Amino acid sequence: MDTTIVIFGASGDLTSRKLVPALFSNFRKHRLPEHTRIIGVARTPFSDEAFRDRMREAVAGVASGPFDETMWTAFAQSLSYLSGDGGSPEFAAQLALRLAGSGHGPAAVVYYLATAPDLYTRIIRALAGASLLKESDGQGFRRVVIEKPFGRDLASALALNGDLHEVLSESQIYRIDHYLGKETVQNLLVFRFGNAIFEPLWNRNYVDHVQITVAESVGVEHRAGYYDHTGILRDMVQNHLLQLVTLVAMESPVVFEADALRNEKVKVLKAIRRISPEYSARHTVRGQYEGYRTEEGVAPDSMTETFTAIKLHVENWRWQGVPFYVRSGKRMAEKASEIAIQFRRPPTQILDVAAGRTELFTNRLSMCIQPDEGIHLRFLAKVPDQGLQTHPVDMDFHFRDSFVGTPLPEAYERLLLDALNGDASLFARSDEIETSWEIADGIREGWESDYAPPLERYPRGSWGPAAADDLLGRDGRWWIHDCTPHGTAGA
Ligand SMILES: NC(=O)c1ccc[n+]([C@@H]2O[C@H](COP(=O)([O-])OP(=O)(O)OC[C@H]3O[C@@H](n4cnc5c(N)ncnc54)[C@H](OP(=O)(O)O)[C@@H]3O)[C@@H](O)[C@H]2O)c1
């Protein structure tokens, strides 16, 4: 069947850095449907030729190996461009003409909204007005992929879902969280539900606590204008970090299908204890890196957080009493995304271990999303020839060693294919988005109340403010950082 991908925002950063490179990579792997064409849409005028040149330059710029000119020439024939205001009825009429002209019979269309979010509703309404979203039997699907951010709080997410549901069924909507497209994130599901030996330990009886870190070494860069009105709670926690919490905490779905999977994730989100203002004062931390206020595009008195650490509770039978500490920040010491499952101590200590903190908590599992993509399992070993002296050691799995010659694909490759194939497992459903906003809004309300924790300054290139260490220190715990470019750092 003829398939068309219409990208709104085709002159923008996401299209050139991620979307077209991912589509090209899928094309090279012969994974795109036959007769796929890609129409780029934005207001800036380009001829088809100029658009292709621009995309060629972008794709060559991000290619890891030599650029495949022959494949590009074949791929480029599928690229075209249509300039106009994507939210206007006139443009939608023009697009309808372009879509009608393919001539291979029934046609399927994916509309990818890679514009600023305030355009989403206008674009959808214009498409609906031109009957471009209507699915009729045997005539091919109409799907809409929507970029993040999906709303900026619960009220706006509800409003956007309301607008979408006026003209689309939920099964036509693909809300993207590119974190879920990462191989290492999907591997969490394989690790948990494809292996029998860990699941019996995966609960309050054996797990002391869980930590999730998503740290970036860069600052706000060219996104300052957007970022200063957003902050890390909205930009990272509401979506990526809460998604990771759901994947760690969820029950096994009965089948590996979108709704079964998403039902289990929503149950976790619903089980997360809502954060009261009083709680936020003691169990959340917000920080801002030094020099943030002098970045171009940032208000000189900005109170926007570039770091947060939060202690969450998943209140169900499996996790009652097991804290989930999550943290995320910009201008951190390293770029690292990792999940640490810290197991309880042995019930009695018969060995003569040094009373160092590492030895007290011998077992942990670290899942490295990036860098050093892989998994480490830490346990205690006997130091040879030193009596009964012990030392923690690691059993390591690295994707790069076990799957030599198979580089990890970009998240967008997988997600674009899933949208084409109608698999919404790795996309967020409306109730999932709304529930995660409810949690984030609770934290935000605490930060806007009389109980707000202070906005702590932290040095660039650090692991955030000291208050984040105190958050765990008060519980007799400390932050773990196992995923370094060279393997386990240990902590
Ligand atoms: N960049 C990333 O890495 C990234 C990552 C995650 C999520 N996202 C999300 O993806 C979306 C796009 O991000 P971006 O970084 O690519 O932004 P961007 O570089 O500012 O691009 C925005 C695009 O929208 C187009 N546009 C604006 N008004 C339009 C209109 N009325 N009709 C048609 N096109 C219009 C712009 O082109 P014209 O001015 O020529 O019309 C431009 O192509 C945002 O929602 C962002 O949050 C981006």
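The values are calculated or read from the model by the stated rules, or taken from the named source; none is laboratory data. None of the values given here were measured: they were computed from a predicted structure. Cβ: placed from backbone, ideal geometry, glycine included. Neighbour counts: every protein chain shown.
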Check on residue 80, within 14 Å of the ligand (Cβ to nearest atom), touching a helix residue (DSSP H, G or I) at 6+ places or on another chain (Cβ under 7 Å) and among the hydroxyl-bearing types (Ser, Thr, Tyr): no
Meets criteria (within 11 Å of the ligand (Cβ to nearest atom) and aliphatic (A, V, I, L, M)) for residue 62: no
Qualifying residue in the stretch 96-108 (condition: in contact with a strand residue (DSSP E or B) (Cβ under 7 Å, 6 or more places away or on another chain) and without any contact (Cβ under 8 Å) to a residue 60 or more places away in the chain): yes
Complete set of residues in the stretch 283-314 that are out of contact with any strand residue (DSSP E or B) (no Cβ under 6 Å at 6 or more places or on another chain) and over 22 Å from residue 462 (Cβ atoms): 296, 297, 299, 300, 301, 313
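For (1) within 8 Å of the ligand (Cβ to nearest atom); (2) modelled with pLDDT under 95; (3) touching a strand residue (DSSP E or B) at 6+ places or on another chain (Cβ under 7 Å), each residue gets a yes or a no:
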| site | (1), (2), (3) |
| --- | --- |
| 11 | yes, no, yes |
| 19 | no, no, yes |
| 22 | no, no, no |
| 30 | no, no, no |
| 34 | no, yes, no |
| 41 | yes, no, yes |
| 51 | no, no, yes |
| 56 | no, no, no |
Residue count, the stretch 64-87 (criterion: in contact (Cβ under 8 Å) with a residue 60 or more places away in the chain and among the aliphatic types (A, V, I, L, M)): 0
Scan of the stretch 141-156 for residues that are more than 14 Å from the ligand (Cβ to nearest atom) and either part of a loop (DSSP other than H, G, I, E, B) or over 28 Å from residue 99 (Cα atoms) (or both), ordered by number: 141, 153, 154, 155
Residue match in the stretch 160-172 (condition: within 14 Å of the ligand (Cβ to nearest atom) and either assigned by TED's automatic domain parsing to the domain that holds residue 131 or at pLDDT 95 or above (or both)): yes
Matching residues in the stretch 170-179 - criterion: being surrounded by fewer than 22 Cβ atoms within 10 Å (Cβ to Cβ) and either among the hydrophobic types (A, V, I, L, M, F, W, C) or free of Cβ contacts under 8 Å to residues at least 24 places away in the same chain (or both): 173
Strands (runs of 3 or more DSSP E) within the stretch 256-375 that include 3 or more residues under 19 Å from residue 205 (Cα atoms): 323-329, 336-343, 364-370
Filter pass, residue 48 being surrounded by fewer than 21 Cβ atoms within 10 Å (Cβ to Cβ), touching a Leu at 6+ places or on another chain (Cβ under 9 Å), among the charged types (D, E, K, R) and on the phi < 0 side of the Ramachandran plot: yes
Residue in the stretch 93-103 that is at pLDDT 95 or above, within 15 Å of the ligand (Cβ to nearest atom), farther than 22 Å from residue 176 by Cα and crowded, with 21+ Cβ neighbours inside 10 Å present: yes
Test: residue in the stretch 399-413 that is among the aliphatic types (A, V, I, L, M) and modelled with pLDDT of 95 or more: no
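Please determine, by comparing only the residues of the stretch 333-386 that are of a type in the set (S, T, N, Q) and over 19 Å from residue 476 (Cα atoms), which one is modelled with the lowest pLDDT. Break it down stepwise before answering.
Applying the first criterion (of a type in the set (S, T, N, Q)) to the stretch 333-386 yields 337, 342, 348-349, 358, 362-363, 366, 370, 386.
Next, only the ones that are over 19 Å from residue 476 (Cα atoms) stay: 337, 366, 370, 386.
Working: 337: 96, 366: 96, 370: 89, 386: 85.
Only one residue tops the list, namely 386.
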Criterion violated by residue 138 - all others in (1) at pLDDT 95 or above; (2) more than 13 Å from the ligand (Cβ to nearest atom) satisfied: (1)
Selection count, the stretch 215-273, where residues are within 16 Å of the ligand (Cβ to nearest atom), among the aliphatic types (A, V, I, L, M) and surrounded by 17 or more Cβ atoms within 10 Å (Cβ to Cβ): 7
Those residues of the stretch 177-236 which are of a type in the set (A, V, I, L, M, F, W, C) and assigned to a helix (DSSP H, G or I), in sequence order: 180, 185, 188, 189, 190, 191, 193, 201, 224, 232, 233, 236
Subset of the stretch 368-414 [among the small types (Gly, Ala, Ser), within 30 Å of residue 63 (Cβ to Cβ) and surrounded by fewer than 16 Cβ atoms within 10 Å (Cβ to Cβ)]: 402, 405
Subset of the stretch 10-30 (residues that are surrounded by fewer than 17 Cβ atoms within 10 Å (Cβ to Cβ) and either touching a helix residue (DSSP H, G or I) at 6+ places or on another chain (Cβ under 6 Å) or part of a helix (DSSP H, G or I) (or both)): 13, 17, 28
